[in-house]
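The values are calculated or read from the model by the stated rules, or taken from the named source; none is laboratory data. Because the structure is predicted, anything quoted here is derived from the model rather than measured. Cβ sites come from the backbone with ideal geometry, for glycine too, and all protein chains shown count toward neighbours. Accessible surface is based on the protein model in full, side chains and every heavy atom, while ligands, DNA and RNA are left aside. Shrake-Rupley method; radii C 1.70, N 1.55, O 1.52, S 1.80 Å.
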Amino acid sequence: MKYGLIGYPIGHSLSPAMFRACYPQHSYELIETPRFEEALAIVRRDFDAVNVTAPFKDTPLTQISIYKKDDMAHVGWYYIPVNNRKPTWLNPY
């Protein structure tokens, strides 16, 4: 599976290194652009799921409020779904 991070600027992000250290079997790349629609087009074409950071944090792609804060079954990495519109959870390392 291919995961990533969208935002701008994010070249300094440690997310790829941390992700790869924990989940070496998966790909994780940065999608760095100030234009959300451009990032979304790239994500929908090439990625399974992404994390979102500034300046797009207030631009929801899915509704995660359906999960309770104490939902221990879903503790771990949460990724915004791109194609299947369902949350993708990876167990904590």
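One table, with the values for the structure above:
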read-out: Residues that are at pLDDT 90 or above, outside any strand (DSSP E or B) and either hydrophobic (A, V, I, L, M, F, W, C) or in contact with a Phe, Trp or Tyr (Cβ under 7 Å, 6 or more places away or on another chain) (or both), drawn from segment 22-38; value: THR33, PRO34
read-out: Pair list, Cβ under 6 Å, 6 or more apart: segment 47-60 residue assigned to a strand (DSSP E or B), other residue modelled with pLDDT of 80 or more and open to solvent by 50 Å² or more (accessible area, probe 1.4 Å); value: none
read-out: Residues satisfying the stated conditions in segment 1-18, i.e. closer than 20 Å to LYS57 by Cα and in contact (Cβ under 8 Å) with a residue 40 or more places away in the chain; value: TYR3, GLY4, LEU5, ILE6, GLY7, TYR8, ILE10, SER13
read-out: Filter result (among the acidic types (Asp, Glu), at pLDDT 60 or above and surrounded by fewer than 12 Cβ atoms within 10 Å (Cβ to Cβ)) within segment 39-79; value: ASP58
read-out: Which numbered condition TYR93 misses (of (1) under 13 Å from the mean Cα position of the chain (by Cα); (2) modelled with pLDDT under 70); value: (1)
read-out: Those residues of segment 1-38 which are open to solvent by 80 Å² or more (accessible area, probe 1.4 Å) and touching a Gly at 6+ places or on another chain (Cβ under 8 Å), in sequence order; value: GLU32
